[in-house]
Structure formats: C-alpha cells, structure tokens
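Only one structure is covered here, and it is reproduced in the block below.
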Amino acid sequence: MLAQYVDVAERYDDAVVLFRVGDFYKAFCEAADEVARICELTRIEREDSTGTYTACGIPVDNAPKYLKRLLDAEYRVAVADQVEDAEAASGLVERAVTQVLTPGTVVEEELLAAGSNTYVACVASAEGGTGDGTGPSDPEDEDQNGTDPAYGVAHVDVSTGECAVTAGDAAAVDEELARIGPAELLCGPGVDPGVADGADCMRTERDPETFDPEAARAVLDRYADSDRFDDAERVACGALLSYAEYTQGDDGPLEYVRRVRRYDPRRSLRLDATALRGLELFENHVGSGRTLFDTLDETRSALGRRRLRAWLRRPLVDRGAIEARHDAVAAFAERTLVREDVREALSAAYDLERLAGRISRGRANARDLRSLHDTLAAVPAIRDAVADVGALAEVRADLDPLEDLRELIDAAVVEEPPQEITEGGVIRAGYDDELDEVRSTAREGREWIANLEERERERTGIDTLEVGYTQVHGYYIEVTNGQLDKVPEDYTRRQTLKNSERFYTPELKRREDEILGAEERADAMEYELFADLRDGIAEESDRIGALADAVARVDALAALATAAVERDYVRPEMNADGVHLRRSRHPVVEGTAEEFVPNDADLPRGTVALITGPNMSGKSTYMRQVALAVVLAQAGSFVPAETARLPVIDRVFTRVGASDDIAGGESTFMREMRELTDVLHDATGDSLVLLDEVGRGTSTTDGRAIARAAVEFLHDETGATTLFATHYHELTDLADEHDRVVNRHFAATERDGEVTFLHRIRDGAASSSYGVEVAALAGVPDSVVARARDLVADDRDDASDRSAAGDDAVAATPQRTLDEIAANGHETSPAPAPSGSRRDREVADLLAELRDLTLAETTPLEALNRLHELQRRAEEASDGSDGRDTDAGVSDESRGEDGGTPGGGSP
Ligand code: ADP
C-alpha cells in the first residue's frame, strides 16, 4: 500500500495525498508529518520490511473539520478513494484520486462560506504557453482603444458554476482581481509577475501546456463558442476551466458551468483595490468591526447575500438600470406587508445555486432534492406577495416556481429521507410499480415471518417457541432444551446454545431469501430511480439557474428596502449635475457613534473642495460618507441622508486613511505617490476623487508643492469632483484663483475644559493655526502655545514675503527639488521680524478686495453687506490681538455653537 501511496503522491506532487483506508483518510511519510502538524493529530511510527515510516489518519466521519484546516493553511489535498469493492478485490484494493480539494475550488458545503462566493481566478496573456516568457508589450503604453488588451482575467465559482472573463491591461487586471477577491490564482507563463501582485491569495502553478492557445481553445469550446472571446480571454478561460475540471476529478466538462459570461469592467462603477479597502465595503480596518456590507445585509438567503455583495462590488453606471433598482427598492420600502411576506417566504429558501451545482455534479442526495422542493414551494408565496406591485413585475415574471419539478420531486422522494441514498427509504410508495411490487414481496415475507411464531406454537404445542433474527445466521426458530422432544420433523438444526437449540424450516429459508433478495433489489432500484430523477433534474439546470437569479434579486432588493426603512435612508435622484446631499450620514459610523452629526455636501460637477481642520475632527468620515452615498446609490440602494441628488459617477478614487496600511516593502510615501499617479492619470470629469493629506509622507515644502500641483491638475485638467483634505493651510488660497475650488473646514472647540470636535462641516478654511489652537485647548502649557503662535506667524510672513517677491517656492514652482529651493536661499533665509506684518497682510487683503469690488454689478443691499463685513474685518485687523480665541476655525465654532467672543481671522 505504501508503494501505491508513493506512486499517487508522485503524480500529485503539488498536493497532500490522503488515502482512504477503512474509516480513515491516511497520510504517510513526510505528508503525515505535515498533516499531523496542521490538523493536530497524532503521528504513528510504523515498521515494515523496508524500514520505519510515519503515518497519521483523519477520521472519515469528521473529515471536513480537518480538510478545512489544510485548505486554510493553503494546501491542496488530493483524496484517493477505493475505486474497487474491498471485499471483491484480490490483494491490494485499487485506489485513485477522485477529487483534488484546493482553497479556490472546493464544493463541499461544510468547507464553503454560505453567503459569499469562492472563486479561483486566472490571468493569462494571449500568447499563452507558447509565449516567449517576456509578456506582452509594455502595458503602460497601451492604448485600450487601439491594441488588443494585454491580459485575460477569468474567474469561476466551482460550487455554483458562475464563470466570467474579461480583458485589460496590467492596471485593469489588478483592479479586477481586487474586485473578484479570489481564494486561488493561476498565472499563465507569459504574465509579468508584478501584474497580480496585489492579489492576496494562494498561487497555483499549472503546466504551461494548459495555457497553450490551442489547448485552451479546445477546453473552452466545451463550454462556449470560443470565437466570442478575444485571444487573451480565451487562454485565461480555457486554462482556468481545465484546472477546474482537474480538481473535480473529472475528465469531462463541468456540466453546471452553463454559461461563460464576458464582461466589460467599465460598465460598472469602478472601484479599485484602494477604494474597496479605503471605503471598507467588505473589510474593516479600523476596529469598529463593521463594514458597509454588514450594515446593509438584511438578506434572508445565501443567494441574496451573494447577490448583494456582487451589487456593492460592481455598482451600475447605467442610469436607467440604477433607477429601475431604486423603483423596486421603493416599492418594497413603501409596502411593509409585502416586504415582510416576501422575506418570510425567502427564509425557507435554500441555496439554489449550490443545490443545482450538486445535482449536476451527481453529488446531491435525497435531502438535497427535498431542499430544492421546499425552496420551489416557497416561490408562489413570493410571487403572490408582489403580484400587484408594478415596479416588481419584471422580477415576478422571472419567479417561475418550476411546478413540474416540484411535483416530480414530491411524488418521488419521501418527506424525510435518510442521508445515504444507497440504503433505501428514499423513494415514495406509488412512484414506481416495479419497486412497489418488490417491496410488497419483502413486506409479505416479513409479515409471514411475523406471524410464524404464533402458527408454530400452535402447530407444535411448544409454548416457549420463539422466532428471531441474527445478522450472521438469519431467521431462526428457537426451542428451549426442555421442549426439544416436541420439535417436528421438518425442523433443521442451525445452532446450539447453552439452554436452547435454533432451527429453520425449508419454507423459512425460502422466505428469508425472498425477503433479503427483495430488500436488496429494492435498495438498488431506489438508488437507480433516484439517480435517474437527479439526472432528469440536472437537465433542467438552466431553469433552476434562472429562478435562482430571480430569487437572489428579490432578496437583495427586499434587503435594501429593509435597510432603507430601518435606517432611514432616502431615495436618491440620479440626474444631478454634481453631488448634492442634505444632512448626509456615514452609514457605518452612524451606527457606532454616540451621536452622529449629519452634514451637507454641495459639490457641483468638477468642484474641488479643500477640507481643513484638526485631526479627529471628522474629515475622513465626511469624505467617505460622500463616496459611500455614491456607491450605495449606484448599487441600487437608498442613501443615508435627508435628500440626495447625485450624478452617475464612473469611478471612485480614494486615498483616505492610508496610514492604517503600510504596504510591505514599499515606503508609505512611494505608495502614496503611486496611488496619486493612478488618480491623476485615470480620473475623468465624471469621477469622484477623495484625497486625504496628499504629500504627508515627505518634507513640508515638497508635500505642500505636490498637494498644490495635484489640486491644480484636478481642477484644470481632470475636472473630477474632488474632496481634498489637507493640513497645508496655504492651499486654501487656491479658492481665490480657481472658480471651482471651494474651502470647507471642520473645527474644534472647548467644552468643559476638554477639546471637543463638533464634526460639523463649515464653509471657508479652518484657521491657519488650528493645530496650535487644539494644542492650547488640550492644555499644552501657555508658554509653549505662545511660542508656537509666534512661530506660525513668522512662517506665514515668510510665505507672504515670498509670494510678494513673485517667487513663491510653494505655489509658483512646485516642480523644483528641495535642493534648488535651498540654493535659492528662501528656505534658509532669516525670518523677518514678526511684528505688525500679520496685520499688514490683512490690510493689504482688505484694500485688494475693496479695489476689486465691481460696483456696477452690485445691488445696494449686497454693497451694504460687503461694506459691513469689510468694516468688521478692518476693526479686527486694527485690534491686532494674537490671543487664543482670535483664530477662525476654532473660535468660529465657539462663536457659532457656544456664543464665545471671537476675534479676527478669515473664516
Ligand atoms: P479626521 O479624518 O479629521 O482625523 P475622522 O473622520 O477620522 O477625523 O473622525 C474622527 C472620529 O470622529 C471618528 O472616530 C468618528 O467616529 C467621529 N466622527 C467623525 N464624523 C462624525 C460625525 N459627523 N458625527 C459624529 N462622530 C463623528
């Protein structure tokens, strides 16, 4: 057996081989050491003629638990079963690998997460296995419209049969892999190793032959018309399906992969890995433990749960489709009873997709068919509930309850069948005449035997006579020793016990054979009938698939409606020129914050909002909530706000809170700049861009320069609607020079001797020295605060001197290096005396504003207001106080919220 094991292990050298021996799956030698370590099992030393070796065993009954551990540790497991009847075998039982379990291809219900998909993905270049190994031409140069896309990316969920493929350049591959989130990844030989770097999952090596374009085409032909796909897609998909077939121990196609979908990622709202992570759609990084998906998940079935995930992962960009989803959600939201009826009915739904998969794979048992039956039985209730709802007419039409299948299963399979399908008790009486006849033979035989005891007692006069049965000897008639003299002639002795003898009669023997034969036949017939039924249902997998799709949709829609009602979301209008949210909230934070402060967002298309304010004041929460409103709306959900008017966004870019995830190997600054590059490169006028503290990872001068240049680029070139949080207060003057740059700020105040953040967004920039003000509020010693204030003032004067000289190192020459700046002397020149210059600047500002007033276009009332404002500022400037409550931002809030007495500063 060990030789047999070694032989199999050599053929499956990338897997741990488990050998079925009796009630165990056994591993030997080195594999035994690994399995024992990971599964925490005992290793046993064995000895044979060749020497000693180790072994360990996984109990078959408890196998899933241990297999899961091996898969979690990223092992492949090849299960070799006995493929010949152990009793019939002469010598060693033949064994063969019947299945290879891998993290991305498992189909066992016990090993899968219920509400999510398990994907294996594959990236390949068009050259496939015959490529020269250098990969396609530089993907950076690639013009998507001109040349063929460089790579195909395919993914399949082997448990449900969902399979799809697309193509794109290296960046698109990265983005797709982030969205697919595969558990396992294959890369073709021509693929640049860096392309799939971002995918955090197990890598699987495959024979380069399987990526050969002709080989891949041959495999794909079994599933779809290969000509529909471009070269790279064909290679990726063919190689992937060949791998899926291999893992299922099949040499034929996987029947339940019914369709290979080809898709264009640009036809959904694009969210790259950084956005998915930064917005915490599915993964949480900062401790609250909740994600957007968790917050929204009111689904009732595994089908619906997977669908809702898919919707969030790929929100729509087609306004008609978005509004159709909103219509359906609104319909559910408005009708509490309909919603409740539907959700109640959905609770009875099993996972139709995986059931269909098991049925097609020939792995479903009778309980699975009953589950299918029960799910089908729930469909009419869903249909009825939504009968009069116009917005749900379409999905209702797709809810075909498959009455014929349901009746068929009900007629064939008993209500509570056993787990095993080979031991009878599965098929109902009346389903098959022949089976009924065989069963009645068995039944009559048993009845005859049941009555035998009484008949024989009467006939023989032996009143202690008993009829019984043992596994080994079969039926017998037992007579105690005292009455042996009454035993009739036709009794033959079978067995002698201490106090009695056991006999049989020719008739009993005949009956016994008849019963056992009939029972055995009945079991075999039942199995055959069941397998036929299962095959017949497998033929209908298209219809089951269509129903599964409709059930998934209904569940996801009803879930979104439930979330909308329970969390008080509003239906967004999707025709806006820009993002307009009234009293919007962050869907996740509002559930955890003690008291969430709603905020407005008014961002006409192409606006760049510069957001200033101290740390912890709520900047990144605000930015995220705006982006989440967009994602939610385009996924079909309502949004957490009082009113919402939104445009259709093509792509959301985020660089928020990146300090949480310092990537291995790369400096944070380098990573930040790479992400910035992606944004500046790819954002369009229809994109939403969130940038948080751009340039933080380098020197202030460089960082400020990069941030300013980025804002200018976004404003002038890209036109993307942008939220730009920054510590560089100097940037806020960009609003003066650029039409669509606006300033917003968050502020802090002091309450009961503590720094308090009001989390309320305000127009205008925060105070230039809010950091110092927060330090003061926090209780930093007065002398330190005073000194810090002086230094801030110095710095500002410096900057204004530089811009007066027309040589602002920050604004005018952002491309210069630190060395150049230093050579020019501005960074190192001594600071001018601080006294008076702050006030001078304010005076200069006032004069400039006065000069710039266009009186011809000003109404008398406006003029009066402006005059009043200018006068107020003039007074403040001549006060010239530098006291702790004179700065805008911080004191702004004290004025607004706490009735404090503010001094100067520009709001
Ligand atoms: P920043 O980005 O300015 O450093 P954050 O957005 O991370 O600040 O917010 C800091 C904390 O304040 C978070 O823990 C969050 O829970 C809370 N917070 C943010 N915005 C609000 C709000 N609008 N209402 C209530 N709490 C908020």
Please go through the stretch 605-623 and give me each residue that is part of a helix (DSSP H, G or I) and either modelled with pLDDT of 95 or more or open to solvent by less than 10 Å² (accessible area, probe 1.4 Å) (or both), ordered by number.
622, 623
Please work out which one of (1) out of contact with any strand residue (DSSP E or B) (no Cβ under 9 Å at 6 or more places or on another chain); (2) touching a residue at least 60 places away in the same chain (Cβ under 8 Å); (3) at negative phi; (4) not acidic (Asp, Glu) is the condition residue 449 fails and give its number.
(1)
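Residue 662: among the hydrophobic types (A, V, I, L, M, F, W, C), away from the ligand (no atom under 16 Å from the Cβ) and at pLDDT below 90, yes or no?
Details: among the hydrophobic types (A, V, I, L, M, F, W, C): yes; away from the ligand (no atom under 16 Å from the Cβ): yes; at pLDDT below 90: yes.
Judged against the criteria, residue 662 is a match.
Any residue at all in the stretch 59-70 that's part of a strand (DSSP E or B) and over 30 Å from residue 311 (Cα atoms)?
Quick first cut of the stretch 59-70, residues part of a strand (DSSP E or B) only: 59.
Now narrow it down to the ones that are over 30 Å from residue 311 (Cα atoms): 59.
Yes, the stretch 59-70 contains a residue that is part of a strand (DSSP E or B) and over 30 Å from residue 311 (Cα atoms).
Look at residue 564 and say whether it is under 20 Å from residue 433 (Cβ atoms), open to solvent by less than 20 Å² (accessible area, probe 1.4 Å) and in contact with a helix residue (DSSP H, G or I) (Cβ under 7 Å, 6 or more places away or on another chain). Give the derivation first.
Details: under 20 Å from residue 433 (Cβ atoms): no; open to solvent by less than 20 Å² (accessible area, probe 1.4 Å): yes; in contact with a helix residue (DSSP H, G or I) (Cβ under 7 Å, 6 or more places away or on another chain): yes.
When the stated conditions are applied, residue 564 does not pass them.
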Could we say that residue 393 is assigned to a helix (DSSP H, G or I), without any contact (Cβ under 8 Å) to a residue 24 or more places away in the chain and either open to solvent by less than 40 Å² (accessible area, probe 1.4 Å) or farther than 16 Å from residue 528 by Cα (or both) here?
yes
Within the stretch 75-92, how many residues are acidic (Asp, Glu) and in a strand (DSSP E or B)?
1
On the given criteria, is residue 539 in contact (Cβ under 8 Å) with a residue 12 or more places away in the chain and either among the acidic types (Asp, Glu) or crowded, with 17+ Cβ neighbours inside 10 Å (or both)?
no
Filter the stretch 567-604 down to the residues that are at pLDDT 95 or above and open to solvent by 70 Å² or more (accessible area, probe 1.4 Å), then identify the one that is nearest to residue 293 (Cα to Cα).
568
Failed condition for residue 600, given (1) within 15 Å of the ligand (Cβ to nearest atom); (2) farther than 24 Å from residue 765 by Cα, with all others met?
(2)
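Just wondering, is there one or more residues in the stretch 44-57 that are among the aromatic types (Phe, Trp, Tyr) and either open to solvent by less than 40 Å² (accessible area, probe 1.4 Å) or modelled with pLDDT of 90 or more (or both)? Reasoning before the result, please.
The first filter runs over the stretch 44-57 and keeps only residues among the aromatic types (Phe, Trp, Tyr), leaving 53.
From what's left, either open to solvent by less than 40 Å² (accessible area, probe 1.4 Å) or modelled with pLDDT of 90 or more (or both): none.
No, there is no match, as no residue in the stretch 44-57 is among the aromatic types (Phe, Trp, Tyr) and either open to solvent by less than 40 Å² (accessible area, probe 1.4 Å) or modelled with pLDDT of 90 or more (or both).
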List, please: which pairs have Cβ atoms under 9 Å, are six or more places apart or on different chains, and start with a residue in the stretch 602-627 that is outside the structural domain of residue 716 (by TED's automatic domain parsing) and end with one that is more than 7 Å from the ligand (Cβ to nearest atom) and in a strand (DSSP E or B)?
none
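Conditions (1) more than 16 Å from the ligand (Cβ to nearest atom); (2) among the small types (Gly, Ala, Ser); (3) buried (at least 21 other Cβ atoms within 10 Å of the Cβ), marked per residue:
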site: 759; (1), (2), (3): no, no, yes
site: 764; (1), (2), (3): yes, yes, no
site: 772; (1), (2), (3): yes, no, yes
site: 776; (1), (2), (3): yes, yes, yes
site: 779; (1), (2), (3): yes, yes, no
site: 785; (1), (2), (3): yes, no, no
site: 790; (1), (2), (3): yes, no, no
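Looking only at the stretch 282-314, which residues are part of a loop (DSSP other than H, G, I, E, B) and crowded, with 23+ Cβ neighbours inside 10 Å? Can you show your working first?
Taking the stretch 282-314 and keeping what is part of a loop (DSSP other than H, G, I, E, B), we get 282-291, 297-301, 314.
Selection gives 299, 301.
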Test residue 437 against the criterion of being outside the structural domain of residue 548 (by TED's automatic domain parsing), within 30 Å of residue 558 (Cα to Cα), part of a helix (DSSP H, G or I) and out of contact with any Ser or Thr (no Cβ under 8 Å at 6 or more places or on another chain), and give yes or no.
no
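For the stretch 609-628, enumerate the residues that are among the hydroxyl-bearing types (Ser, Thr, Tyr) and more than 31 Å from the chain's Cα centre (by Cα). Talk me through it step by step, then tell me what you get.
Narrowing the stretch 609-628 to residues among the hydroxyl-bearing types (Ser, Thr, Tyr): 612, 617, 620-622.
Hit for the stretch 609-628 is 612, nothing else.
Say whether the condition of being among the polar types (S, T, N, Q), modelled with pLDDT under 95 and within 30 Å of residue 356 (Cα to Cα) is met by at least one residue in the stretch 525-545. First the steps, then the outcome.
Of all residues in the stretch 525-545, those among the polar types (S, T, N, Q) come to 541.
Checking which are modelled with pLDDT under 95 leaves us with 541.
Filter once more, keeping what is within 30 Å of residue 356 (Cα to Cα): 541.
Looking for residues that are among the polar types (S, T, N, Q), modelled with pLDDT under 95 and within 30 Å of residue 356 (Cα to Cα), one finds at least one in the stretch 525-545, hence yes.
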For residue 322: the one exception among (1) out of contact with any strand residue (DSSP E or B) (no Cβ under 8 Å at 6 or more places or on another chain); (2) crowded, with 21+ Cβ neighbours inside 10 Å:
(1)
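Only one of 720, 735 is more than 20 Å from residue 656 (Cα to Cα), in contact with a strand residue (DSSP E or B) (Cβ under 6 Å, 6 or more places away or on another chain) and more than 16 Å from the ligand (Cβ to nearest atom). Can you tell me which? Show your work before the answer.
Working: 720 fails: more than 20 Å from residue 656 (Cα to Cα).
So the residue among 720, 735 that is more than 20 Å from residue 656 (Cα to Cα), in contact with a strand residue (DSSP E or B) (Cβ under 6 Å, 6 or more places away or on another chain) and more than 16 Å from the ligand (Cβ to nearest atom) is 735.
Which of the residues spanning the stretch 608-640 are more than 16 Å from residue 590 (Cα to Cα), of a type in the set (Val, Ile, Thr) and within 13 Å of the ligand (Cβ to nearest atom)? First the steps, then the outcome.
Filtering the stretch 608-640 for residues more than 16 Å from residue 590 (Cα to Cα) gives 608-615, 630-631, 633-637.
Narrowing further to those that are of a type in the set (Val, Ile, Thr): 608, 611-612, 630-631.
Correct list: 611, 612.
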Of the residues that make up the stretch 702-722, is at least one in a strand (DSSP E or B), open to solvent by less than 30 Å² (accessible area, probe 1.4 Å) and at negative phi?
yes
Given the condition surrounded by 24 or more Cβ atoms within 10 Å (Cβ to Cβ), at pLDDT 95 or above and within 25 Å of residue 293 (Cα to Cα), answer yes or no: does some residue in the stretch 675-687 qualify?
no
Restricting the stretch 466-492 to residues that are more than 60 Å from the chain's Cα centre (by Cα) and part of a loop (DSSP other than H, G, I, E, B), which is surrounded by the fewest Cβ atoms within 10 Å (Cβ to Cβ)?
489
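State which residue is nearest to the ligand (Cβ to nearest atom) when the search covers only the stretch 641-656 and only residues that are among the hydrophobic types (A, V, I, L, M, F, W, C) and part of a loop (DSSP other than H, G, I, E, B).
Restricting attention to the stretch 641-656, the residues satisfying the condition of being among the hydrophobic types (A, V, I, L, M, F, W, C) are 641, 644, 646, 648-649, 652-653, 656.
Next, from what is left, pick out any that are part of a loop (DSSP other than H, G, I, E, B): 641, 646, 648-649, 656.
Numbers: 641: 12, 646: 20, 648: 26, 649: 21, 656: 8 Å.
The extreme case among them is 656.
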Here are the criteria: (1) buried (at least 23 other Cβ atoms within 10 Å of the Cβ); (2) within 12 Å of the ligand (Cβ to nearest atom). Tell me which single one residue 693 does not satisfy.
(1)
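Within the group 70, 101, which residue is closer than 30 Å to residue 300 by Cα and touching a residue at least 12 places away in the same chain (Cβ under 8 Å)? Lay out the reasoning, then the answer.
On the way: 70 fails: closer than 30 Å to residue 300 by Cα.
Result: 101 is the single residue among 70, 101 that is closer than 30 Å to residue 300 by Cα and touching a residue at least 12 places away in the same chain (Cβ under 8 Å).
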Return only the number of the condition from (1) in the same structural domain as residue 354 (by TED's automatic domain parsing); (2) surrounded by fewer than 16 Cβ atoms within 10 Å (Cβ to Cβ) that residue 463 does not satisfy.
(1)
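The values are calculated or read from the model by the stated rules, or taken from the named source; none is laboratory data. Quantities reported herein were computed from a predicted structural model and do not represent experimental measurements. In this analysis, Cβ positions are derived from the backbone assuming ideal geometry, glycine residues included, and neighbour counts consider all displayed protein chains. In case anyone asks, the SASA skips ligands and DNA or RNA and just uses the protein heavy atoms, side chains included. Shrake-Rupley method; radii C 1.70, N 1.55, O 1.52, S 1.80 Å.
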